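Since every read-out is calculated from the coordinates, none of them should be taken as a lab result. Remember, predicted model here, so these are calculated numbers, not experimental data. Note that we place each Cβ from the backbone using ideal geometry, even for glycine, and neighbour counts take in every protein chain shown.
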């Protein structure tokens with residue numbers, strides 16, 4: 001049996017013997033919008049809980065549109081020009097419209113990468129497109145702490161804009177439950193102090209800081225508190241099918257419109273299976289998510305609901321840009337040097353998380369449940385040593401070894417990685 005895993009800008013073919021009982025875990029069939037551009041325009045004209053964007057923006061003199069960074073395959077090429085045209089029709093000059101890339105604490109997107117992210121040369125020709133910088137103190141407004149003590153410091157290009165627009169892709173997220181909506185604001189355009197507070201151990205270790213969970217999720221709670229300080233915010237939400245085609249788009253009041261998109265995503269992304277598996281094969285979702293090992297961790301966490309304790313998780317990720325940030329590499333070095341349990345103990349008393357160490361903390365979940373084997377063509381020996389997981393040169397060979405060890409010929413394969421969250425129905 002041949003399976004194709006999302007890998008880099010293409011797929012990775014893997015041939016498995018017919019003697020195995022292979023369950024391929026995919027989203028159920030999703031509708032594909034026949035005219036995506038028309039669907040976007042219709043969403044802007046008939047939003048939920050707010051007037052149409054042209055009316056919402058009329059009489060105001062500035063606007064800021066948030067877009068996700070390169071790690072999210074948001075169809076910005078469909079969204080940005082209609083948004084800018086609506087704002088301009090409302091009377092806002094192009095020179096007063098800013099597109100702000102919500103990088104969080106990721107690196108900026110520049111040059112050809114920025115052009116790919118924006119997806120429409122017209123946008124770059126007509127309005128300013130700039131990157132958020134979480135370390136620039138002067139670029140943030142301090143809005144005071146949340147009820148739970150998180151300092152709220154946000155990029156003033158957004159907080160001071162008369163019209164605030166948030167765009168995003170609604171997909172499973174292994175900490176915040178779902179991406180998009182309020183998450184594009186925080187951590188998207190938040191200051192380092194904000195991000196490292198609600199990514200600290202006390203939030204990340206919470207049982208509800210997990211994929212597909214909003215109720216009781218402390219990150220979601222903090223994000224809603226932060227977003228409420230900026231209301232009203234106009235949200236635009238998208239949901240994509242397995243082939244990155246537009247399946248759903250809506251617009252309107254930030255929280256209400258996001259929850260409507262979450263309901264669509266939940267029906268597609270959550271896949272129930274009757275039992276757990278001793279062998280699970282998955283991907284890091286391909287480009288752009290699998291460009292770094294840092295992002296690969298999401299793929300390690302998503303299928304844990306169907307991995308037997310002590311089982312083997314085989315993950316394929318291109319890691320074309322290497323390990324990730326220097327701070328993440330440092331956190332990984334501590335994980336390798338200390339071991340998972342001692343590493344976690346170093347986090348427990350911190351008020352502020354170390355930059356990017358929260359991803360290492362999430363990796364420990366996978367390491368505690370089973371053996372992780374990584375297939376990649378993007379890491380050299382030194383970087384591979386810092387992953388803290390085993391490396392394989394063949395997905396098929398790793399599967400064969402796992403089946404031989406477990407004596408169980410049942411294998412689950414999740415080609416789309418963390419965009420699908422399989423769960424055990426009997427759990």
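Axis of helix 36-45 versus longest Cα principal axis of the chain: the two differ by about 50°, to the nearest ten degrees. Only helices enter the 222 nm calculation for the chain: every DSSP H run of n ≥ 4 contributes -39,500 (n - 2.57), and dividing by all residues gives -9500 deg cm²/dmol, rounded to 500. Restricting the calculation to Cα atoms, every distinct pair contributes to the Kirkwood radius of the stretch 368-415, found to be 12.1 Å.
Put simply, the convex hull of the Cα atoms in the stretch 111-223 casts, on average, a shadow of 8.1 nm². Kirkwood hydrodynamic radius for the chain: how many Å is it when counted over pairs of different Cα atoms? It works out to 21.9 Å. This ranking places 137, 290, 341, 401 by how few other beta-carbon atoms lie within 10 Å of each, fewest first, which gives 341, 137, 401, 290. Across all directions, the shadow cast by the convex hull of the stretch 36-268 built on its C-alpha atoms averages 11.7 square nanometres. With a simple spin-label model that places each label point 7 Å from the Cα along the Cα-to-Cβ direction, the separation between residue 207 and residue 263 comes to 2.8 nm. Between the C-alpha center of the stretch 162-238 and that of the stretch 1-79 there is a gap of 18 Å. Extension gain, residue 141-residue 394: 0.36 nm per intervening residue step, less the Cα-Cα distance, totals 86.1 nm. Grouping the Cα pair distances of the stretch 257-309 into 5 Å bins from zero gives a pair-distance distribution of 4, 16, 19, 19, 22, 15, 4, 1 percent in increasing distance order.
Largest first, the three principal axis extents of the alpha carbons in the stretch 261-354 are 37, 30, 27 Å in whole numbers. The long axis of helix 76-89 is offset from the longest Cα principal axis of the chain by roughly 10 degrees.
Seen against the Cα atoms of the chain and their longest principal axis, helix 395-406 is set at about 50 degrees.
Taking every DSSP beta bridge that has both ends in the chain, the antiparallel portion is near 30%.
Of 252, 216, 311, which has the largest mean-square fluctuation in a 10 Å C-alpha GNM of the chain? For the chain, modelled as a Gaussian network with Cα springs under 10 Å, the answer is 216.
Most simply put, the stretch 36-268 has about 40% antiparallel DSSP beta bridges, counting only bridges with both residues inside it. Return, ordered by residue number, the residues of the stretch 181-201 whose backbone nitrogen is under 20 Å from a label point located 7 Å along Cα→Cβ of residue 330. Label zone hits: 191-201. Kirkwood Rh over Cα pairs of the stretch 1-106 into Stokes-Einstein at 10 °C, 1.306 mPa s: D in µm²/s? Stokes-Einstein gives a translational diffusion coefficient of 90 µm²/s.
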